[in-house]
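The values are calculated or read from the model by the stated rules, or taken from the named source; none is laboratory data. Computed from a predicted model, the values in this text were never measured in an experiment. Note: ideal-geometry Cβ built from the backbone for every residue, glycine included; neighbour counts use all protein chains shown. Ligands, DNA and RNA are excluded from the accessible area calculation, which covers all protein heavy atoms including side chains. Shrake-Rupley method; radii C 1.70, N 1.55, O 1.52, S 1.80 Å.
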Amino acid sequence: MINYLKESTFTVNEVIGKAWEVTKRNYFSIATLCFLMFITSNASGLMAFLIKDVNIYLSILMAFFFMMMYFTLNLSLLKYIFHLLDDEENDVSIVSTLPTRQQIIRFMVSMLYFMLVIVGVYAIVILAAFPFIYTGIRMEVITNIAVSVGIVAIFITWIRISFFPFFIIDKNQSPFAAIKFSLAITKGNFTKILLLLLVLGGFYVLCLLLIALKLPVIAFFVNILSSFIIVPLSSVALTIAYRWMMSKYDGDEKPDIIHNIV
């Protein structure tokens with residue numbers, strides 16, 4: 001176990017080191033796409049607040065528009081990072097990294113599958129806890145345990161299947177195949193991914209800690225630093241982690257779900 005953790009730590013350090021080099025050389029282009037995503041996300045919230053009492057159909061239409069715009073920018077960022085990893089010598093414009101209509105549709109369908117899987121996992125945990133009602137254990141205890149186990153199961157599932165956008169952009173996979181491939185390549189790599197997320201999310205945890213200690217000014221500057229450095233770095237690091245897992249993958253060309261759950 002100790003050797004496995006050492007190997008995982010080394011892998012995470014290697015991924016972050018390479019991600020830092022790529023981000024440093026192409027910071028402004030990557031940060032621009034991240035900033036556009038940030039503006040789109042906040043603009044959608046502002047627009048929803050301004051027109052919430054005007055017309056419900058207009059609100060739905062604007063929400064759909066901003067959602068499509070955000071998804072497009074997100075996929076463009078992935079496509080641009082792939083270009084940097086594969087052919088950094090030749091420049092490419094942001095416009096040329098726009099995803100195709102098919103890729104956007106596949107991403108949206110995959111998101112629907114993603115949410116259904118998350119809800120399904122939580123429902124299975126709750127149903128598994130149901131028979132314990134008749135054992136005499138207090139309902140409050142059963143509920144607390146079931147909710148806790150459900151949250152952990154959702155978190156693990158989220159990590160396991162969250163790499164589906166990479167397969168849509170990099171391999172042009174169909175929505176369900178992208179979910180299955182994400183499950184397949186993360187099999188045996190969960191600890192490495194978790195360590196990577198803990199390192200990348202360290203600044204967010206630090207912000208929450210500073211707020212809890214009633215140090216809002218310091219928390220504000222840490223949050224700014226995180227937004228302008230950690231967010232671009234995280235996008236590159238996760239893309240490199242995907243490429244690293246794909247290089248180690250020796251499973252089936254058409255993986256199934258059952259053999260890749262554990």
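When residues of the stretch 123-182 are filtered for being assigned to a helix (DSSP H, G or I), loosely packed, with under 15 Cβ neighbours inside 10 Å and polar (S, T, N, Q), how many remain? The qualifying residues number 4. Close contacts from the stretch 101-120, counting a first residue that is in a helix (DSSP H, G or I) and a second that is open to solvent by 90 Å² or more (accessible area, probe 1.4 Å) and modelled with pLDDT under 95, with Cβ to Cβ under 7 Å and a gap of 6+ residues or different chains, come to Tyr113/Phe176; Ile118/Trp158.
When residues in the stretch 247-262 are screened for being at pLDDT below 80 and among the basic types (Lys, Arg), 1 of them pass.
Look at (1) surrounded by fewer than 16 Cβ atoms within 10 Å (Cβ to Cβ); (2) among the polar types (S, T, N, Q); (3) modelled with pLDDT of 85 or more and you find that Thr72 fails only one, number (1). Screening Ser8 against (1) under 20 Å from the mean Cα position of the chain (by Cα); (2) at pLDDT below 75; (3) open to solvent by 30 Å² or more (accessible area, probe 1.4 Å) leaves a single unmet condition, (3).
Per this entry, Ser227 is counted among residues that are of a type in the set (S, T, N, Q) and within 20 Å of the chain's Cα centre (by Cα). Does Thr135 qualify as being of a type in the set (S, T, N, Q), free of Cβ contacts under 8 Å to residues at least 40 places away in the same chain and either in contact with an Asp or Glu (Cβ under 7 Å, 6 or more places away or on another chain) or farther than 19 Å from Leu78 by Cβ (or both)? Answer is yes for this residue. Only one of the numbered conditions (1) closer than 24 Å to Ile258 by Cβ; (2) at pLDDT below 90; (3) not small (Gly, Ala, Ser) is not met by Asn144, and that is (1). Taking (1) outside any helix (DSSP H, G or I); (2) of a type in the set (D, E, K, R); (3) open to solvent by less than 50 Å² (accessible area, probe 1.4 Å) in turn, Lys192 satisfies each apart from (1). Taken over the stretch 195-225, residues that are assigned to a helix (DSSP H, G or I) and at positive phi amount to 0.
Scanning the stretch 226-256 for residues that are of a type in the set (Phe, Trp, Tyr), open to solvent by 20 Å² or more (accessible area, probe 1.4 Å) and part of a helix (DSSP H, G or I) yields Phe228, Trp244.
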